[in-house]
Amino acid sequence: MNHLGNDLRYALRQFRRRKLFSALVVATLALGIGLNVAVFSAVEAMLLRPLPGVQDSDGLVQLYRQYPGEKFGSLAIPDVFDLRERTGDVFNGLTGWTFATVSLTANGEPRALSGHLVSANYFDVLGVKAALGRVFVPKEDQGPLAHPLVILSDGTWKTLFGGDPGVVGRKVILNGRSMEIIGVTPPEFRGAMPMLRPALYIPLMQLDQIRPSSVGGLQDRGMRFMSGLARLSPGMTPEKVRERLKTAMADLRQIHPDAYKETDINVVPQSKAGIHPSLRGAQMAFSGAVMSVVSLLLLIACVNVANLFLARARERSQEIAVRLAVGASRKRLVGQLLTESFLLASIAGFVGLGVAQAAIRLTDRITVPGIDFAADLRLGSTVLLFSAGVTLVTGLLFGLLPAWQSTRPSLVPALKADSSGGAPKSRAVRSLVVAQMALSIVLLVSAGLFLVNLRAAEILDKGFATDNRIVAVMNPGQQGYGRPEAEAFYRQLLERLRANPRVRSAALMSVTPLSLGSSDRGITVPGYSPLPDERMSIHFAVVSPGYFETMGIEVVQGRAFTDRDSPDSQPAVIVNRRFAEHFWPGQDPLGRAVRMGRNAPRDYVVVGVTPTGKYRTLGEKPLPYMYFPHSQEWTPGMTVAIHARDSADSLASTLRAE
């Protein structure tokens, strides 16, 4: 310890003597360390952090419906209740939840908020108690529309109600109906998907009020939009649970053979799910790529600093030679020089935390339109341990080689102050220069490839146009409008927009291409026999007449939807080319039937074909896709799309006014 104290004091004296050198080293390393810590904080938030505010997050598992072609399918509400009844021996509770966008009127002001529809045992399964009031109780899982209750998140309570402790018992208007506030969640609890913070929680029994497009979902096993979450009983493992679920599904197949044909339940531990199991591979690959880039930057910084230390060694060659000549061991000198390196690295590590904190603050300001997104990056204990590890490795990387080379001078020339004779071997310098060039080339090539891929993604044929387009989400159903009123609203909206001289065209769509939303529907095609593992559930969008023109999508065969496609006319569908080639290869798809519906199947006639585009992600393989006319597949929540004659930015205020 004596030696360490002396070495630290000596190192500090050296830094004071060479302030510019020390500041340059600290700044170079702090930038590299800070970027690594900031990126790791994002990795920790997405992949490593347990659910905040939840009791024993590691005891939770996520449940998904698995069938041919889909490993992580959503559950139907009856699935949740059926599985809960049959798995009490392996689960200490099984709950279901789903997203819901609602209109809340409080203090006379309406607001669009994102919330969760949850089964009544949601908070019990997660082990969450109310900070104010109470949570839902089991009886509130019974009786459709019988429980007009709402629980506020801590953020909503503070933002909309000023943190009023008397908020419990107050009435608010939710989607046009009066509902009672019964509780407030703790501030640390952010729901089952923390990056998408729910503003409030509503009992699942209020589904028809909150999501008019899902009317009937409480009984319909074909309407799958629920996420399943369960808590393992003590001593249970996911493997044992999977065996029990196989038995439960076999029982359900006996009772509902059509609903559960070739269906199983996939169990994913909460700790391995990330944002969503289907995205975990992409998350890990992206995280690995970004971590590799910032690690490469830190490695280049270490090589630069090592070169600086080797250059400084020329100035200290006489000092080192004298100390060796009077009997100092090489080991002792290497230790003293490494102490200097680690002290500089430690200072850089502290400064790097400031760099990381600045980057985290910038990241936490990122918003996603229409979603209460919160990255919630932070310098927690795991991130700080990573920072300490990176700092130690950094000190070793840039300090070891210079320390080793500095203690190998040619004594006689060094004692005579001949810098060329006493300098470290030039081979080390050349090696570091070569390493620096190689790492820089790798970084430049990686950056070039990234830019090339970014450009390729930009010019990729997505199957629709984006220039001079603007979209806005609307849902008259959230204001309590029934179908007739909502239809009149949309009709008048489109008429006013199309009459605007700055608007080329306008239309409605239920799903914006390449957005987070997607819907799929099970189909059968008369005359087509599916393969054993083929998924017969096809993604679709509901659109109004004028959609294809507005989005720049060509109808290559047949026709687009028109006002003739009314509720009383023959059900119509437009499919993409991939759909037509898959189900009717080498045949004319026009006039063919696509059958949907389990209890009362309907045949939809193909009236048009579009090119195959990109619907969910840019990297997806060609997918079959369907379009339905809004008049025949009514849904209250739609997105209005506008194609402007000039810049779409000028229409934003017009759209808000409408």
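See the values below:
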read-out: Cα-centred dipole magnitude for region 552-615, charges only on beta-carbon of K, R (+1) and D, E (-1), debye, nearest 20; value: 240 debye
read-out: Residue-level accessible surface for Tyr627, protein heavy atoms, 1.4 Å, Å²; value: 10 Å²
read-out: Interatomic Cα distance distribution for region 144-185, bins of 10 angstrom, percent; value: 30, 56, 13, 1
read-out: Cα centroid separation - region 224-276 against region 57-74, whole Å; value: 7 Å
read-out: Computed lengthening from Leu279 to Lys621, 0.36 nm per intervening residue step minus Cα-Cα distance; value: 121.6 nm
read-out: Share of pairwise Cα separations in region 494-609, more than 22 Å, in percent; value: 40 percent
read-out: Taking all pairs of distinct alpha-carbon atoms in region 241-309, Kirkwood radius in angstrom; value: 16.3 Å
read-out: Kirkwood hydrodynamic radius over Cα pairs of region 162-224, then Stokes diffusion coefficient at 10 °C and 1.306 mPa s, in µm²/s; value: 113 µm²/s
read-out: Long pairs among Lys240/Lys272; Lys129/Lys158; Lys272/Lys614; Lys139/Lys272; Lys246/Lys272, criterion Cα-Cα beyond 26 Å; value: Lys272/Lys614; Lys139/Lys272
read-out: Amide H contacts under 5 Å for Val503, placed H, 5+ residues apart; value: Arg645
read-out: Long-range amide H partners of Ala572 with built H, under 5 Å; value: Val605
read-out: Projected area, mean over directions - region 466-525, Cα convex hull, nm²; value: 6.6 nm²
read-out: Translational diffusion coefficient (Stokes-Einstein; Kirkwood radius from C-alpha pairs) of region 36-130 at 20 °C, 1.002 mPa s, in µm²/s; value: 131 µm²/s
read-out: Nitroxide proxy distance, nm - points 7 Å out along Cα→Cβ at Phe350 and Asp89; value: 6.1 nm
read-out: Alpha-carbon gyration tensor eigenvalues x 5, square-rooted, for region 180-260, Å; value: 29, 23, 10
read-out: Whole-Hz ³J(HN,Hα) from phi, Karplus 6.51 cos²θ - 1.76 cosθ + 1.60, for region 55-66, glycine and proline x; value: 6, 6, 4, 5, x, 9, 10, 9, 10, 9, 7, 10
read-out: Protection proxy ranking, peptides 295-308, 464-477, average beta carbon neighbours within 10 Å, highest first; value: 295-308, 464-477
read-out: Residues whose placed amide H lies under 5 Å from that of Phe561, excluding near-sequence neighbours; value: Gly546
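The values are calculated or read from the model by the stated rules, or taken from the named source; none is laboratory data. Quick caveat: nothing in here was measured; it's all calculated off a predicted structure. Ideal geometry is used to build each Cβ from the backbone, glycine not excepted, and the neighbour counts take in all protein chains shown. Note: accessible area is taken over every heavy atom of the protein model, side chains too, but ligands, DNA and RNA are not part of it. Shrake-Rupley method; radii C 1.70, N 1.55, O 1.52, S 1.80 Å.
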